[in-house]
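Read through the structure below, which is laid out as structure tokens, and then see the notes.
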Amino acid sequence: GQLPTWLQGILLRNGPGMHRIGDTQYNHWFDGLALLHSFTFKNGEVYYRSKYLRSDTYNCNIEANRIVVSEFGTMAYPDPCKNIFAKAFSYLSHTIPEFTDNCLINIMKTGDDFYATSETNFIRKINPQTLETLEKVDYSKYVAVNVSTSHPHYDSAGNVLNMGTSIVDKGKTKYILFKIPPSVTEKEKKKTCFKHLEVVCSIPSRSLLHPSYYHSFGITENYIVFIEQPFKLDIVKMATAYIRGVNWASCLAYHKEDKTWFHFVDKKTKKEVSTKFYTDAMVLFHHINAYEEDGHIIFDIIAYTDNSLYDMFYLKNLTKDFEEKNKLTSIPTCKRFVVPLQYDKDAEVGSNLVTIPTAATAVKEKDGSVYCQPEKLCEGIELPRINYDYNSKKYKYVFATEVQWSPVPTKIAKFNVQTKEMLHWGEDHCWPSEPIFVPSPDASEEDDGVVLTCVVMSDPKQAPFLLVLDAKTFKELGRATVDVELHLDLHGMFIPEKDLKSETE
């Protein structure tokens, strides 16, 4: 095919790549050592490269020729020959775990720099052109968080906004929203932007010992949207996991009898909206978008009715008949919630406070709290991406992978949230990755541009490829076949040529 001449830059992807070290194997697919890979677009040609993230975790494991650093789904133990004192000490030191820097989930841009990220307090700087691993940054040196999300937001001023959970700060468990500025003034060239990291606000956890797990959050023009779901981490179990010989993942539990609470923080005042908004129990990983309209906050998410998704990816389940055998017990559902921030305080109990056209409702309860029910937009999509220029604004299109009852994506979809129309791309034996939208330089409409996805083949005789679709029509523009074993990955980003430092800098 033919690639648009304006498509110049790097598609950078991240995900688990190595699951066996020596005679040891990880329990879970999300534990594998991070493998970065990139497609560089230059003058109509595509170049591929991949490299393992040389994290401290990677280096320790490779040197020992076995897994010595614990991951979320795999607990690793020190050398069994160590004496009893060393063993006792290592049990104690695992109470607040020293987390891994195996940053395998996403890529984050901060100023001119790029980082591989996961959900611990560590991120690793990387060179997007050579995929070389550079310094390690520990968030907890700058802000009291033990874990953080891999889905930060970027505002128009170039700040990075992210959230993390503080488990041990003065016995108060809370969710912290923090801001990393894009760059520092010339005078302070030596200082990193993390030194200027600022805590925007914190939200106390409803339960001291059971903070909510979250993978992403939403932002509108004026608010932060945080969902406290009843999928929770048990801190006491986590502190004793090492001694009990179980993994940290076993310390997560879904409480289906609980409510899901919505928090809205005003970016300017840094105060939370005082009304208590909630919905039924659900599990979510990905926010799609959020925006404001006529005094309402509208946010779209992908939600499940249970947490079976994580369990699917234990390696013992990833057998050759994985697709047939593993069926999700809850299909991902794209839900739209509409929350009235300004409403008549004298409204009757039981009345719907939503005043804009939507099937979503927000009903006033006796105690003044508001019970929200979503509008169901569609089913069976995951790994959603949008044209990020429309983040926190009213928008039309979601680009996503399509998953039916199996967690492995078989198609890519373009979904119009306003008309509910859906376009697909799919071929036999193709497992596409998260689709990334790249706007064309002279775009006048939301879907002017291309969609990029890496396609892994379930038939080993067929080579994997990078696929380029016209975002408007969803017709194929071209594909670049790669003669290597490509891995299923998780998330990534497209870096336009202008955002890449020249090699000499």
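Observations on the structure shown:
- Base-10 log of normalised Debye intensity for segment 368-505 (one unit scatterer per alpha-carbon) at q = 0.08, 0.12 Å⁻¹: -0.25, -0.54
- Cross-link pairs beyond the 30 Å C-alpha cut-off, checked among K42/K141; K109/K461; K109/K414; K271/K498; K237/K268: K42/K141; K109/K461; K271/K498; K237/K268
- Accessible area (Å², 1.4 Å probe, nearest 10) - L377: 10 Å²
- The phi torsions of segment 247-261, fed into the Karplus equation with coefficients 6.51, -1.76 and 1.60 and a -60° offset, translate into couplings of 7, 5, 4, 6, 8, 9, 9, 9, 9, 6, 8, 7, 9, 10, 9 Hz, rounded to whole numbers, with Gly and Pro shown as x.
- Linear extension gain, S274 paired with Q2, 0.36 nm per residue minus alpha-carbon span: 92.5 nm
- Measuring nothing but protein heavy atoms, the accessible surface of segment 9-499 at 1.4 Å probe radius is 52 percent carbon and sulfur.
- Along each principal axis, Cα extent of segment 100-238, largest first, Å: 43, 33, 26
- Inter-centroid distance (Cα atoms) of segment 460-505 relative to segment 31-64, Å: 14 Å
- Segment 262-317 and segment 415-446 have Cα centres separated by 23 Å.
- Inter-label distance for K141 and S156, nm, one decimal - labels placed 7 Å from Cα along Cα-to-Cβ: 3.4 nm
- Close amide H contacts of C378 (hydrogens built in the peptide plane, cut-off under 5 Å, sequence separation of 5 or more or a different chain): C334.
- Residues in segment 328-364 that a label on E379 would reach, taking backbone N under 11 Å of a point 7 Å out along Cα→Cβ: 330-334
- Difference of contour (0.36 nm per residue) and Cα-Cα distance, N59 to K366: 104.7 nm
- Ratio of Rg to Rh over segment 278-372 (Cα coordinates, Kirkwood Rh, two decimals): 1.15
- Cα-based shape type of segment 453-505, given that a ≥ b ≥ c are square roots of the gyration tensor eigenvalues and the cut on a/c is 1.5: oblate
- Fully extended contour minus Cα-Cα distance, from D344 to A253, at 0.36 nm per residue: 29.0 nm
- In the context of the full set of protein chains, residues of segment 9-499 present 44 Å² of accessible surface per residue (probe radius 1.4 Å, heavy atoms only).
- Cα gyration tensor, segment 220-282 - rounded (a/c under 1.5), prolate or oblate: prolate
- Take every pair of alpha-carbon atoms less than 8 Å apart whose residues are at least six positions apart; their mean separation over the length of the chain yields a relative contact order of 12 percent.
- Rounded to whole numbers, the Karplus 3J(HN,Hα) couplings from phi for segment 392-401 are 6, 10, 4, 9, 10, 10, 10, 9, 8, 8 Hz, using 6.51 cos²θ - 1.76 cosθ + 1.60 with θ = phi - 60°, and x at Gly and Pro.
- Accessible area of Y343 in the full protein assembly, 1.4 Å probe (Å², nearest 10): 40 Å²
- Span from the segment 103-123 Cα centroid across to the segment 347-408 one, whole angstrom: 28 Å
- Evaluated at q = 0.11, 0.12 Å⁻¹, the base-10 log of the normalised Debye intensity for the chain, with identical point scatterers placed on the Cα atoms, takes the values -0.99, -1.20.
- Where a label projected 7 Å from the Cα of V236 along Cα→Cβ would reach, residues of segment 193-223 with amide N under 14 Å: 208-211
- Each stretch of four or more DSSP H residues adds -39500 (n - 2.57); spread over every residue of the chain, this sum gives -2000 deg cm²/dmol at 222 nm.
The values are calculated or read from the model by the stated rules, or taken from the named source; none is laboratory data. Since the model is a prediction, treat every value here as computed from it, not as a measurement. Positions of Cβ are backbone-derived with ideal geometry, glycine not excepted, and every protein chain shown enters the neighbour counts. Accessible surface is based on the protein model in full, side chains and every heavy atom, while ligands, DNA and RNA are left aside. Shrake-Rupley method; radii C 1.70, N 1.55, O 1.52, S 1.80 Å.
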